[in-house]
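Participant: What follows is a single structure, and I will ask about it in a moment.
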Amino acid sequence: MRGPGLRPGHRARLKQEFGLDKPVWQQYLTYMGNVFTGDFGTAFNGQPVTELMANAFPVTIRLTVVAILFEIVIGISLGVVTGLKRGRPVDTTVLLLTLVVLSVPTFVTGLLIQLLLGVKWGWIKPAVSPEATFDELIVPGLVLASVSLAYVTRLTRTSIAENKRADYVRTAVAKGLPRRRVISRHLLRNSLIPVVTFIGADVGALMGGAIATERIFNIHGVGYQLYQGIVRQSTQTVVGFVTVLVLVFLLANLIVDLLYAVLDPRIRYA
Amino acid sequence: MRGATHAKWAALATVVALAATACGGGDSGGGGGGADGIVSSSWGDPQNPLEPANTNEVQGGKVLSMIFRGLKEYDPKTGAAKDMLAEKIETTDSTNFTVTVKDGWTFSNGEKVTAKSFVDAWNYAANLKNNQKNAYFFGYIEGYDKVHPDKGEPTAETMSGLKVTGDRTFTIKLTQKFSTFPDTLGYAAFAPLPKAFYDDHAAWLSKPVGNGPYTVESYSKGSQMQLKRWDGYPGTDKAQNGGVTLKVYTDNNTAYTDLTAGNLDLVDDVPASQLKNVSADLGDRYINTPAGIIQTLSFPFYDANWNKPGQEKLRQGLSMAIDRKQITETIFQKTRTPAVDWTSPVLGADGGYKDVCGQFCKYDAAQAKKLVAEGGGIPGGTMKISYNADTGSHKEWVDAVCNSINRALGNNKACVGNPIGTFADYRNQVTQSKMQGPFRAGWQMDYPLIQNFLQPLYYTGASSNDGKYTSPEFDKLVNQANAETDIKKAVGLFQQAEGVLRDDMGAIPLWYQNGSAGYSDRVENVSLNPFSVPVYNQIKVK
């Protein structure tokens, strides 16, 4: 048995069946026509690409939700703390930590955490089950979020530190508002704009770019399907998934644009 | 603030919509111990739908080995073909065979296995319309060219060489003498199929029904398959465990990690990067046995530079310049065994495995240098060994082979590697005869017969004879062997043919590939069959 042992008759038949004997422009038009009617073709194992998507996207969306939650909760909290206490030991420590996280690639963090938590200490199962429930995705989500988390921390910190001296903050303080309210209503809200922009773009990146994390933790999501598609040269799978990912990117950016208005009262949409 | 409020709602609605799609879940059950214990095993997504005649890779093969039994079954240890569903297969002329199917066999849905179950399945497999990858297996049967023509539509629905003569008997007529043909019938492509396969094909594919020791309990494509022991199984090789759960892993490293963490019972593909740790991690729960796979270096006999009289000495010299032992030990960590013939150790001495190559497969720098010089030297002064760079880490061993040759010949320019980007491109160039120097070739046997290691690869015009090797003497001996009804004599003739191959050095045998597996301390009696598939039905759960 060696490689694809297709006989000439079989080859001719498959060519005809998949329309490969037609000119390229016609093949392209057929494909695009099918895509607009929701048919992304069939992967090499005989499964329709839409079926692969139906299995993969819910898993990856869950993973992304976990990762984004980590970014928001941990990243922004750390950013606020360090931004308010600039130059203090807390600030320096967190800055150093983020530097470490930024410089270590995700697959190293992933494998290390998998080995320590999964094999040595037995706190988690090293591989996620096919169902991939939220609790199983906490550790992979943290790994996936780690780099972005560091970015969010740094972005928030800079933004907070800058806005701390802004007129409206001084006004708010002068009005005698409680410190909590000044920070959450006035300072944080205005400082979040660059952070939200970053997180929005990150949603798309996390969904498509989780290839390393998904492979390490056995998550059958978009990254895994993309990887399989590339390895097996299944064009339909790759093109189909990338098309959807582009849509996700657009949608995420739309949400970001809409959120600007929520955060900054000066921005309005007619 | 009016606009902002609108935007707020829009944003909120979109977020909710996204979150809502993220629901779902469920849980998987574990297994108890003892005779009903469930074995969990690593798996890869099969590349094709799970039809017996459309599966030619090991992942789909695992499932077929559990849910199907054919006329013959290969002994998991010796590889010898033994009668399974066949009561007897008789022939007087090695061309016409009469098959009698054993009584009392049924599919797991209750349907009886009859002669028709086989004949219909074979006709389905051979028919061009059904796009079955293993259709060529039926190429020896008369009438194959009508149902699977090289051009155009089939002109017949069934092969004229197959005739049902009774409830349990049918006859096979071949186009040529092929004495060991019955021994090929253990291959999965020859499995019988129930009526349900044709009646509701889609339903069958989503939950295959066969006649093997296991039944498919559930199958979620791309993630896992649960197989359960079939208590009504009539064969002698009943399952020794309660069932097997095949789990798809994204990466074999992850599967290995899961094994070491105790969440998985069996990994049948130990990643190369873990071979150094395997004895520390698993101790004696690591299996490393030869599989029916041989790696060779083929030559482009269609290239005038590589097809000159007297060049057999050059090829023999090159073979002797390769230090197989050192390369298999250092690069492959002993997961390859140095080759001494063109077949495989899984055949056993009775099957035809024998040290035919002799001194020509032993490293001897001085002799190598002498023979290469006598053979006219390397054409053009430098030879390039072509390989595909995308899979299987071929670069490392090709570089090592070249180093070995360069060292033996005392010439740093004698040999270099020639990587080709992808496997698909590589195979295209090989099949279109575009190679300008030696190229790597791997062969995994279809069935454990010496014939399968020689005829498809070196017979003039054979389907996988990529180097276009041709030798009238070799062809003559193969024909004689196929016509010989005495299996022992047939094997002897094949070995003589192998001798011709050695004298010509039609391809340089490099090494036999081993199958590797590791298992948890929860299971025992784990072994690999000659196809490197775990023998699932023999695994016992403690």
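Just so it is clear, none of the values below were taken in a lab; they were calculated from the coordinates. Here the structure is a predicted model, which is why all the values come from computation and not from measurement. Glycine also receives a Cβ, built like all others from the backbone with ideal geometry; neighbour counts cover every protein chain displayed.
Participant: Pull out the extension gain between B:Ala202 and B:Glu473, defined as 0.36 nm times the separation in residues minus the alpha carbon to alpha carbon distance; nm, one decimal.
Facilitator: Numbers: separation 271, 0.36 × 271 = 97.56 nm, distance 4.92 nm.
Using 0.36 nm per residue and subtracting the Cα-Cα distance, I get 92.6 nm.
Participant: Obtain the nm distance between the two label points defined at A:Leu95 and B:Thr78 by a simple spin-label model: each point lies 7 Å from its Cα along the Cα-to-C-beta direction.
Facilitator: Each label point is offset 7 Å from its Cα along the Cβ direction, giving 7.7 nm.
Participant: With charges only on Cβ, +1 for K and R and -1 for D and E, what is the dipole size of the stretch A:48-263 about its Cα centre, in debye, rounded to 20?
Facilitator: Roughly 1200 debye, rounded to the nearest 20.
Participant: What does the structure give for B:245-254 when I average, per residue, the other chain Cβ atoms found within 10 Å of the residue Cβ? If you can, show how the numbers build up before the last one.
Facilitator: Values: counts 0, 0, 4, 4, 5, 17, 9, 0, 5, 12.
Average per residue, whole number: 6.
Participant: If you don't mind, there's one more thing I want to ask. Based on DSSP H runs of at least 4 residues, each adding -39500 (n - 2.57), what is the mean residue ellipticity at 222 nm of chain B after dividing by all its residues, to the nearest 500 deg cm²/dmol?
Facilitator: Roughly -9000 deg cm²/dmol at 222 nm, from the helical runs in chain B.
Participant: Relative to the compact-globule scaling 2.2 N^0.38 Å, provide the ratio for the alpha-carbon radius of gyration of chain A.
Facilitator: That works out to 1.29 for chain A.
Participant: Along the Cα-to-Cβ line of B:Lys542, 7 Å from the Cα, sits a label point; which residues in the stretch B:509-525 have backbone N less than 15 Å from it?
Facilitator: B:519-525
Participant: What size of dipole, in debye to the nearest 20, comes out for the stretch B:35-116 about its Cα centre when the only charges are +1 on Lys and Arg C-beta atoms and -1 on Asp and Glu C-beta atoms?
Facilitator: It works out to roughly 100 debye.
Participant: Would you mind checking which residues have amide H under 5 Å from A:Ala210's amide H? H placed 1.01 Å from N; only 5 or more apart, or other chain.
Facilitator: A:Gly223
Participant: Please compute the average number of Cβ atoms from other chains found within 10 Å of each residue's Cβ in peptide B:482-495.
Facilitator: The shielding value for this peptide is 0.
Participant: Name the residue from B:Tyr426, B:Gly161, A:Val73 whose Cα lies farthest towards the positive end of the charge dipole of the protein assembly as shown, charges +1 on Cβ of Lys and Arg and -1 on Cβ of Asp and Glu.
Facilitator: Result: A:Val73, furthest along the dipole toward the positive end.
Participant: Could you work out how far the C-alpha centroid of the stretch A:30-91 sits from that of the stretch B:483-533, in angstrom?
Facilitator: Using only Cα atoms, the two centres lie 48 Å from each other.
Participant: Give, in nm to one decimal, the length gained when the segment between B:Asp390 and B:Ser463 is fully stretched (0.36 nm per residue of separation minus the Cα-Cα distance).
Facilitator: 23.8 nm
Participant: Each residue of the stretch B:203-208 in turn: what ³J(HN,Hα) in whole Hz from Karplus with 6.51, -1.76, 1.60 and θ = phi - 60°, glycine and Pro shown as x?
Facilitator: 5, 5, 5, 7, 8, x
Participant: Still on this model: Rounded to whole Å, give me the distance from the Cα center of the stretch A:197-270 to that of the stretch B:392-441.
Facilitator: 41 Å
Participant: Now a separate question. Could you go through the stretch B:393-409 in sequence order and give the Karplus-derived ³J(HN,Hα) for each residue, using 6.51 cos²θ - 1.76 cosθ + 1.60 with θ = phi - 60°, rounded to whole Hz, and x for Gly and Pro?
Facilitator: Computed from phi, the couplings for the stretch B:393-409 are 6, 6, 3, 4, 6, 5, 4, 5, 4, 5, 4, 4, 5, 4, 5, 5, 8 Hz.
Participant: For the cross-link pairs B:Lys72/B:Lys542; B:Lys354/B:Lys468; B:Lys325/B:Lys362; B:Lys325/B:Lys413, which exceed 19 Å when the distance is taken from alpha carbon to alpha carbon?
Facilitator: B:Lys72/B:Lys542; B:Lys354/B:Lys468; B:Lys325/B:Lys413
Participant: For the protein assembly as shown, count all C-alpha to C-alpha pairs, find those more than 43 Å apart, and express that count as a whole percent of the total.
Facilitator: 40 percent
Participant: Which value in nm describes the separation of the simple spin-label points at B:Asp364 and A:Leu14, placed 7 Å from the Cα toward the beta carbon?
Facilitator: 4.5 nm
Participant: Moving on. Using the alpha-carbon atoms, what tilt in degrees (0 to 90, nearest 10) does helix A:89-103 show relative to the longest principal axis of chain A?
Facilitator: Once rounded, the angle reads 10 degrees.
Participant: Separation of the stretch B:133-200 and the stretch B:295-319 by C-alpha centroid, Å?
Facilitator: Cα centroid to Cα centroid, the span is 38 Å.
Participant: From the P(r) of the stretch B:334-488, could you give the percentage of C-alpha pairs in the tail past 24 Å?
Facilitator: Value for the stretch B:334-488 (Cα pairs over 24 Å): 45 percent.
Participant: Using θ = phi - 60° and the Karplus form 6.51 cos²θ - 1.76 cosθ + 1.60, what ³J(HN,Hα) does each residue of the stretch B:53-68 get, whole Hz, x for Gly and Pro?
Facilitator: My calculation for the stretch B:53-68 gives 8, 10, 10, 10, 10, 6, 5, x, x, 4, 5, 4, 5, 8, 9, 10 Hz in order.
Participant: Could you order the peptides B:311-317, A:139-145, A:90-96 from most to least packed, using the average number of other C-beta atoms within 10 Å per residue?
Facilitator: Top of the packing list down: A:139-145, B:311-317, A:90-96.
Participant: Sequence gap at least 6, Cα distance under 8 Å: using those rules, report the relative contact order of the stretch A:48-263 to the nearest whole percent.
Facilitator: That works out to 29 percent.
Participant: For chain B, which semi-axes, largest first and in whole Å, follow from the square roots of 5 times the eigenvalues of its Cα gyration tensor?
Facilitator: For chain B, the semi-axes come out at 41, 34, 24 Å.
Participant: May I pose another question? Set the Förster radius R0 to 41 Å, insert the Cβ-Cβ distance between A:Gln47 and A:Trp121 as r into 1/(1 + (r/R0)^6), and round the FRET efficiency to 0.05.
Facilitator: Values: r = 38 Å, r/R0 = 0.92.
In this case the efficiency is close to 0.60.
Participant: A:Asp167 versus B:Asp167, label points 7 Å from Cα toward the beta carbon: distance in nm?
Facilitator: Label at A:Asp167, label at B:Asp167, 10.1 nm between them.
Participant: Going by amide H atoms built from the backbone, whose H comes under 5 Å of the H on B:Ser516, apart from near neighbours?
Facilitator: B:Val270
Participant: Enter the angle in degrees (range 0 to 90, nearest 10) between the Cα long axis of helix A:138-163 and the first principal axis of the Cα atoms of chain A, meaning the one along which they spread out most.
Facilitator: Relative to chain A, helix A:138-163 is tipped by roughly 40 degrees.
Participant: Please compute, for peptide B:37-48, the average count of beta-carbon atoms on other protein chains lying within 10 Å of each residue's beta-carbon.
Facilitator: 2
Participant: If packing is taken as the mean number of other Cβ atoms within 10 Å per residue, what is the order of A:222-232, B:457-467, highest first?
Facilitator: Details: A:222-232: 21.2, B:457-467: 18.9.
Packing order, densest peptide first, comes out as A:222-232, B:457-467.
Participant: Could you sort B:110-117, A:59-66 so that the peptide with the highest average Cβ count within 10 Å comes first and the rest follow in order?
Facilitator: The densest-packed peptide leads the list: A:59-66, B:110-117.
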